[in-house]
1. Mind listing which chymotrypsin sites (Phe, Trp or Tyr not before Pro) in the stretch 12-75 are in a DSSP loop and have 14 or fewer other Cβ atoms within 10 Å?
2. Okay, helix-only estimate at 222 nm for the chain: each DSSP H run of n ≥ 4 adds -39500 (n - 2.57), divide by all residues, round to 500 deg cm²/dmol; what do you get?
3. Report, in debye and to the nearest 20, how large the dipole of the chain comes out about its Cα centre when Lys and Arg carry +1 and Asp and Glu carry -1 on their Cβ.
4. Top mean-square fluctuation among 35, 74, 106, Gaussian network model of the chain, C-alpha springs under 10 Å?
5. Which entry is the computed Cα extents along the principal axes in Å for this structure: (1) 105, 73, 45; (2) 56, 33, 26; (3) 93, 34, 28?
6. State the extension gain, in nm to one decimal, for the chain segment bounded by residue 65 and residue 47, taking 0.36 nm per residue of separation less the distance between their alpha-carbons.
7. At R0 = 41 Å, how high is the FRET efficiency between residue 38 and residue 73 if r is their beta carbon distance? Nearest 0.05 is fine.
8. Sticking with the crude label model, points 7 Å out along Cα→Cβ, report the distance from residue 2 to residue 55 in nm, one decimal please.
Amino acid sequence: MRAATVAFTGIQEQYQVGISTILDVLVAQTTLRDAELALAQSNHDYYVAQASLLNAMGRLEAGALVSGAPLYDAAANFNQVKMAGAVPWEGLVQGLDTVGAPSPTAAVPPVPTPAAPAGAVAMIPAPAPPAKIDPSTALPIGRAPGR
């Protein structure tokens with residue numbers, strides 16, 4: 001990365017004094033951008049490998065990946081955004097919602113089980129099996145009789 005930066009700076013200075021062409025500057029700039037992308041990709045691969053290792057060890061936490069990173073506190077975050085974006089009549093609507101609601105301390109009666117049928121259940125067979133169709137007399141799909 002450092003070599004590509006130095007090379008790009010040198011080519012820019014050479015271009016300003018007329019020794020290099022714009023093509024040389026563009027090639028050096030492309031080389032510098034490729035080096036920056038390679039560095040970003042290698043940093044990404046390093047973090048992914050580190051997270052995979054910690055996950056395999058069962059120790060994957062934010063504090064293990066980034067030192068000094070504040071840990072996420074769900075309760076604090078909820079309290080911070082609890083009423084964010086609320087409209088002025090939100091309290092009124094919440095009060096109306098509780099008017100018809102059952103008391104949270106009231107016991108909920110169990111759902112009764114349906115009664116079993118009285119007497120024996122009769123299994124009546126069909127009067128006759130379905131008629132068999134002769135495949136030689138069947139019409140092709142989409143063809144009306146007499147055509």
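Taken together, the values in this text are just the output of simple stated rules run on the coordinates, not laboratory data. What you are looking at is a predicted structure, and each value in this text was computed from that prediction instead of being measured. Because the Cβ atoms are built from the backbone with ideal geometry, glycine has one as well, and the counts that use them run over all protein chains shown.
1. Numbers: sites: 15, 46, 47, 72; in loops: 72.
Filter output for the stretch 12-75: 72.
2. Working: 5 runs with 72 residues, N = 147.
Estimated from H runs of four or more residues: -16000 deg cm²/dmol.
3. Numbers: 7 positive and 10 negative charges, 174 e Å.
Computed about the Cα centre, the dipole is about 840 debye.
4. 106
5. It is the value labelled (1).
6. Working: separation 18, 0.36 × 18 = 6.48 nm, distance 0.78 nm.
The residue 65-residue 47 span can extend by a further 5.7 nm.
7. Values: r = 37 Å, r/R0 = 0.90.
Taking R0 as 41 Å, the efficiency between residue 38 and residue 73 is 0.65.
8. Between residue 2 and residue 55, the label points sit 3.4 nm apart.
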